[in-house]
Structures are given as C-alpha cells and as structure tokens.
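Only one structure is covered here, and it is reproduced in the block below.
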Amino acid sequence: MNKTALVVPCYDEARRLDQEAFSAAVVEKKNLHILFVNDGSRDETSKILRDLCARYPAQLSLLDLKTNTGKAEAVRRGVLLASKNNHTYIGYWDADLATPLSAVAAFEKTLDDNPHINLVMGARVKLLGRRIDRRGIRHYAGRVFATFASAAIGLAVYDTQCGAKLFRWTENVEAIFSRPFHVNWTFDVEILARLKMLHQLNGGPSVEDSTIEYPLEQWVDVAGSKVRVIDFVIGAWEITKIFGILHAPGFENRAKELTRSRKSDLGR
C-alpha cells in the first residue's frame, strides 16, 4: 500500500505537463501514488496521461472524465477514488508543479511528527532563503483575497489558494469530500468552512489546532496559468456564498448532512 496519494487535476495541460518530473517523483518515492484526473480536456492531455501511467502502473493512475466538471469536482472525485485504497495521507497538487513534488516529503514529515495535525497547506510566503516567484498583481490580489476569506470563515489563514495540500485521512476529512462543493474556484476555502462546521457539530480539535500552513521553500509562477484577474472577482462572490453557508440558519443541518453523506458512501 502506498502511504500517500496525490490527486492532480488536469484540464488542457498537454503543453505544460512535466512528465519527467512526475516520473522522477514516483521513482524516488516508492510510497507515493499519483492519481491524475483528466477533467474533460480538449487537447492531448488524456493520451499523454494514459501513456505516462502505463510506464508506472503501480504508482500512477488516471481518472478520465469525459466532460469538464471544474477543478473542485475533479479534485473531489479524485480524492474519493484515492480513498478506496486506504492511504494514510491524501492530498491534491496543481498539475503545473508550481509547487515542486519535492515538497511532498516535508508535508508528510509534518504530519508524521504531529499526530494532532490533519491538514498541511502550502503557503507562498516570501522569506529570505526561499524562492517564491509570483507576479506582483497576483501576489497583491491574493493578499486582499486571503484577508477577505479569513474574515468570512473566521480563521487567520495566510494562503487559502495554494494548490498543494495534504490531509491525514480521517472521518471528518472524508465527510468534507462526500458532497459536491457549492463553489468552484474557492473550494479550498469551502474545505476549511466544512471542517469548521464539522468541528462545531462533533467536537474534537479545532481547525486552528489541527491545520498547519507550511511556508514553501519554492513556488514558481508557471507560464500559461489559467488564473485571471476576473477570477478574484468571481472568488469574492464565492466567498460571500461560503459565508452564507457558515452563518445562515440551518448550519447544524448542513453539517449533519455531510456526516450522513459519508456514512451513506461507506454503506454502499
């Protein structure tokens, strides 16, 4: 059994997919499984992924969705599929490898060394000795967005949108992926909101006590990113929607529904 599974959502990534980097990662880390989710790509992504997975069938696999569902749903379906193989840790990683796969070991060590931590989130913090290469407009727009998101969900989080996250697989984590997300671009924020809802319903460690933001040693703004300035506007609207999910009447029923959905999936 592979200790860690990473879900990598892919949409029209044929030109950017670094096949050698993925190959090198699984050769070096024998306890790593990577599940690619082709989200209805229109280019050669599906063929490239099938060929790549054929080279390392024990550690690389493909979920090939015929129609585009959006990143949130692609990640969710991939995570649920990966969970069937009893991995200790399951996460998701951006296909452009802006966060290099070498960071996976640091995320794993953080979880290994801290049994009370259930989620490690990459954080793009510009510090001396670290290489965080991010365009200025994205950095400052991201800071405004993160402040807005923190206020909406009541958590002091620095970087919700970094596409590198690793979970300890628990009942609560399974529950947050049991139902489709209400948003697409900001589903990372909804994940935190759902964890908070489940904590308030079931007790146990709070999100603040069970989550660590890990300052990445390297993050490079890869050319061809699909993030646009308008996405930050869309994100602001989605954050408002998440705020409503957390604070509108009936919150407890929504949290219970996540738990019921998880139990229903287990009973199938």
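The values are calculated or read from the model by the stated rules, or taken from the named source; none is laboratory data. As the structure is a computational prediction, the values presented were derived from the model and not from experiment. As a convention, Cβ positions derive from the backbone with ideal geometry for all residues, glycine included, and neighbour counts pool all protein chains shown. Ligands, DNA and RNA are stripped out before the accessible areas are found, and what is left, the full protein with its side chains, is counted by its heavy atoms. Shrake-Rupley method; radii C 1.70, N 1.55, O 1.52, S 1.80 Å.
Rolling a 1.4 Å probe across the protein heavy atoms gives the chain an accessible surface of 46 Å² per residue.
Taking a 1.4 Å probe, which of 28, 108, 257, 217 shows the most accessible area, and what order do the others take after it?
28, 217, 257, 108
Putting +1 on Lys and Arg Cβ atoms and -1 on Asp and Glu Cβ atoms, find which of 118, 106, 49 reaches farthest to the positive end of the dipole of segment 36-118. Value computed over the given set: 49.
For residue 77, the solvent-accessible surface computed with a 1.4 Å probe is close to 100 Å², ligands and nucleic acids excluded. The lysines whose alpha-carbon is closer than 18 Å to the alpha-carbon of residue 47, local same-chain residues fewer than 8 away aside, are 66. Only helices enter this figure: runs of n ≥ 4 DSSP H residues, each worth -39500 (n - 2.57), summed and divided by the residues of the chain, yield -14500 deg cm²/dmol at 222 nm to the nearest 500.
Expressed in nm², what is the orientationally averaged projection area of the convex hull enclosing the Cα positions of segment 48-173? It would help to have the intermediate numbers written out before the result.
Numbers: hull surface 40.6 nm².
Computed as one quarter of the Cα hull surface, the answer is 10.2 nm².
Remark: segment 160-172, residue by residue, has Karplus-estimated 3J(HN,Hα) of 6, 9, 4, x, 9, 9, 9, 10, 6, 6, 10, 4, 5 Hz, where x stands for each Gly or Pro and the curve is 6.51 cos²θ - 1.76 cosθ + 1.60 at θ = phi - 60°.
Charged side chains reduced to their Cβ positions (Lys and Arg at +1, Asp and Glu at -1) give the chain a dipole of some 340 debye around its Cα centre. Computed from point charges on the beta carbon alone (+1 for Lys and Arg, -1 for Asp and Glu), the dipole magnitude for segment 1-152 about its Cα centre is near 360 Debye. Just the protein heavy atoms count here, and of the accessible area of segment 1-82 at 1.4 Å, carbon and sulfur take up 51 percent. The alpha-carbon of residue 165 sits under 13 angstrom from the alpha-carbons of these aspartates and glutamates, leaving out residues fewer than 8 places away in its chain: 94, 108, 188, 213.
Go through 92, 140, 11 and list them by solvent-accessible area, largest first, probe radius 1.4 Å.
On the way: 92 0, 140 155, 11 65 Å².
The ordering from most to least exposed comes out as 140, 11, 92.
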